[in-house]
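Participant: Okay, here's the structure, questions in a sec.
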Amino acid sequence: MKGFFNKLFRRNKQEEAPVEKIGHKKIILKKTEGIDKQIDALYGVLVDIFSSEKLVLRAGKLDAMDLMRSQNRGERVLALQKLIWENPTLDKIPTDEEIPDLLEQLSEELAELMARRSVEDKIEKKIAEKMEERHQEYVKDIKMQVLKDEKVEEEETPQAKGKFEALEKLETVKLTKSVMELLRPNKLAEIVGQERAVKSLQAKLSSPYPQHLILYGPPGVGKTTAARLVLEAASKTKYTPFNEDAPFVETDGTTLRWDPRDMTNPLMGSVHDPIYQGARRDLADSGVPEPKPGLVTDAHGGILFIDEIGEMDAMLQNKLLKVLEDKRAFFESAYYDPTDENVPKYIRKLFEDGAPADFVLIGATTRDAGYINPALRSRCAEIYFEPLTPKHIETIVLNAAEKLEVTIADDVAALISEYTIEGRKAINILADAYSLALQRIGDTDEAIIINKEDVYEVTQVSRLSPFVTQKASERSEVGKVFGLGVAGYLGSVIEIEAVAFKANEKGKGTVRFNETAGSMAKDSVFNAASVLRKITGEDVHDYDIHINVIGGGNIDGPSAGTAILTALISAITGRKIKQNVAVTGEISIQGLVRPVGGVFEKAYGAKQAGITTLVIPKENEKDIPEGHLGLDIHPVTTAEGAFAVLFEDDKDKEIIA
């Protein structure tokens, strides 16, 4: 067979022949001898393509072996047809007239076969090169990992080992939980004095459509605890979107600051660039930035609680507003190249789609609503937590004593309530007194009883003073009246006193008022002077008058107007004012009592001072529920209506006349 194929390779070099290029081969077709030479040349090309051995195997499979060996030209062409077209069913032997056209067709088919084989060889070569390259990289990585695992113990210095052992030792030390953790309410019924706020909070969270919320109120009244407990209750309700493992992510607005470079942002998340910020090493080596999702993503599916949200940076509030709208946090970096094949799939997704941030925002603040972005407020329902009364503080102290399993003496709870209006502070005082009681009894088996002396010692060491001293009394006084003020969410009683003397010269009297009281309070004095003349006919310029706010301070607003008028009339006429009544309201020059703000909080301040009766503007009547805090509330529209409550009954008619 080999000799047969060698015979096919012979070329007649003495005769000229045209050349047809097929790949890198040349098939020489002889004109004179013609057909046989063409047939031999085609067989030679087949040998070059497949090799002698493979061509023989191919011929055997296609039933062409005998045809190849035949001396008949037509049979040899039929063999070529079977070999080139790979069709063993061909059985028609071509005639001499058909052979030239068939040889032309077979030449073209063979040329295509050679071209295709050449391209396939190149592709297979490249694939082999790539596979070898990847294989070497893989082997190298495996070797490095093995070396790293084997040398990890050797790389640790004695100092590093010592620090690790010290850290492990620290992990074995466990203290008992803090007293605040022990005494913190663990169910909604234990939150004292906030029944209305908790009910509203439940209604807004335990819903198929929970709302973003802002909680207003003084510190230490249970805003954070209420939010956490309401989420626990809501997650067990079938029609709320919260799962039982819904996260409650808590942070403080005072610690959140906006970085204009966006290099650090624990709230929204940030991007660590691969050069300066130390992205993960494998990413830094490839120049890939690393996004770090923030608290908004940690809270996905749950609640993000921001305490003191009113202290948060204004720009950060705007960015938070954007996250609330999109329900996603997006990342940007000049180092991110979307065409880079080295960017991991999760990083590409974070840059292109952002991180999920679908949560309910609850912000708590002790500041006024004006400190919060109006656009953010408009997307949140607002709930006001109420100040705690002395009775509420007493209840909190008694509940805490029960959890501590300690006995407290009579009046201890009432005593603690005099020094604070914060539930948290009251528990701290009780816990300190508990520690003193333990020290007092020592190692004896004596029962632990907290007495008033323990509380007094705590207040002295902590330099505490009574939050509110009892100011109200059953007697009546001339020229002294209780007004009401509010600072933040805490109301307070303002003592205003006045004296009047006949001027040495009629019409040339003077009026003195606290220099620190503020311009609006001084305007109230002038308004009161006009109403005084209208009601009594007396001219303040006929008197030397001194009006004083006991304790000083700036009265920010006109709400003391009615109180100043009452003190002024009492000083000039000598009529007595009841000392268990407080009044708030702006006074107009027509003698009308106009509405003021903070009436709800002022009622708490009045209750703290022992006031039993409250005079408020008629237009503020709906601001306070009827019978609120057990106060006798009198809404009035005119100064005369206020006098009927403030002055002693037997003098009212003479003053108003």
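Participant: For the chain, find the longest principal axis of its Cα atoms and tell me its angle to the long axis of helix 519-536, 0 to 90°, nearest 10.
Facilitator: For helix 519-536, the angle is close to 40 degrees.
Participant: For an R0 of 60 angstrom, estimate the FRET efficiency from the Cβ-Cβ distance between Glu619 and Gln439 and round to the nearest 0.05.
Facilitator: Working: r = 56 Å, r/R0 = 0.93.
Efficiency, rounded to the nearest 0.05: 0.60.
Participant: What GluC sites (Glu not before Pro) in the range 309-393 are in a loop by DSSP, with at most 14 other Cβ atoms within 10 Å of the Cβ?
Facilitator: Glu332, Glu341
Participant: How would you rank Phe164, Phe305, going from fewest to most other Cβ atoms within 10 Å of each one's own Cβ?
Facilitator: Listing Phe164, Phe305 from fewest to most nearby Cβ atoms yields Phe164, Phe305.
Participant: With only alpha-carbon pairs counted, each pair once and no self-pairs, how large is the Kirkwood hydrodynamic radius of the range 389-502 in angstroms?
Facilitator: 16.2 Å
Participant: Placing one identical point scatterer on every Cα of the range 398-461 and ignoring solvent, what is log10 I(q)/I(0) from the Debye formula at q = 0.23, 0.25, 0.29 Å⁻¹?
Facilitator: Here log10 of I(q) over I(0) equals -0.94, -1.10, -1.45.
Participant: Find out how many positive minus negative residues lie around Glu495, taking Lys and Arg as positive, Asp and Glu as negative, among other residues whose Cβ is under 10 Å from that of Glu495.
Facilitator: +1
Participant: Oh, and also: Percent antiparallel among DSSP beta bridges with both residues in the range 476-656, to the nearest 5?
Facilitator: In the range 476-656, approximately 65 percent of DSSP beta bridges are antiparallel ones.
Participant: Continuing with this model, one more query. Within the range 185-384, what percent of beta bridges assigned by DSSP are antiparallel, to the nearest 5? Spell out each step's value before the answer.
Facilitator: Working: 6 of 25 bridges.
Here the share of antiparallel DSSP bridges comes out near 25 percent.
Participant: Continuing with this model, one more query. I want to check the label-to-label distance for Ser52 and Asp313. Put each point 7 Å from Cα in the C-beta direction and report it in nm to one decimal.
Facilitator: 8.4 nm
Participant: How large is the Kirkwood hydrodynamic radius of the range 311-440, in angstrom, based on all distinct alpha carbon pairs?
Facilitator: Working: mean 1/r = 0.0509 Å⁻¹.
With all distinct Cα pairs of the range 311-440 included, I get 19.6 Å.
Participant: When only DSSP loop residues count, what trypsin sites (Lys or Arg not before Pro) in the range 208-254 have their Cβ near at most 13 other Cβ atoms within 10 Å? Walk me through the numbers on the way to the answer.
Facilitator: Details: sites: Lys223, Arg228, Lys236, Lys238; in loops: Lys236, Lys238.
Answer in residue order: Lys236, Lys238.
Participant: State the dimensionless ratio Rg/Rh of the chain (Rg: radius of gyration of Cα atoms; Rh: Kirkwood radius).
Facilitator: Values: Rg = 48.1 Å, Rh = 34.6 Å.
Ratio of gyration radius to Kirkwood radius for the chain: 1.39.
Participant: How large is log10 I(q)/I(0) at q = 0.13, 0.21 Å⁻¹ when the Debye formula is applied to the Cα atoms of the range 353-425, each weighted equally and without solvent?
Facilitator: Each listed q maps to, in turn, -0.62, -0.92.
Participant: Taking the chain as the reference, fit the longest principal axis to its C-alpha atoms, fit the long axis of helix 390-404 to the helix C-alpha atoms, and give the angle between the two in degrees, 0 to 90, nearest 10.
Facilitator: Once rounded, one gets 60 degrees.
Participant: Expressed as an acute angle from 0 to 90° and rounded to the nearest 10, what is the orientation of the C-alpha long axis of helix 314-326 relative to the principal long axis of the chain?
Facilitator: 60 degrees
Participant: Name the long-range amide H neighbours of Lys292: under 5 Å, sequence gap of 5 or more, or other chain; modelled H, no Pro or chain starts.
Facilitator: Distant-sequence amide H within range of Lys292: Ser270, Val271, His272.
Participant: How large are Rg and Dmax for the range 476-656 when only the alpha carbon atoms are used, in Å?
Facilitator: 15.1, 50
Participant: Order of Ile306, Ile39, Ile550 from fewest to most other C-beta atoms within 10 Å?
Facilitator: Working: Ile306 26, Ile39 19, Ile550 12.
Sorted ascending by nearby Cβ count, the order is Ile550, Ile39, Ile306.
Participant: Per 0.36 nm of contour for each residue apart, how much would the distance between Ala487 and Leu90 grow if the chain were fully extended, relative to their Cα-Cα spacing? Intermediate values should be presented prior to the final figure.
Facilitator: Numbers: separation 397, 0.36 × 397 = 142.92 nm, distance 10.72 nm.
Computed gain between Ala487 and Leu90 is 132.2 nm.
Participant: What is the fewest-to-most order of Met114, Met131, Met315, Met268 by other Cβ atoms lying within 10 Å of their Cβ? Mind showing how you got there, number by number?
Facilitator: Working: Met114 17, Met131 10, Met315 13, Met268 23.
The most exposed by this proxy come first: Met131, Met315, Met114, Met268.
All of the numbers you see were taken from the coordinates with simple rules; none came from a lab. If you're wondering where the values come from, they're calculated on a predicted model, not measured in any experiment. Positions of Cβ are backbone-derived with ideal geometry, glycine not excepted, and every protein chain shown enters the neighbour counts.
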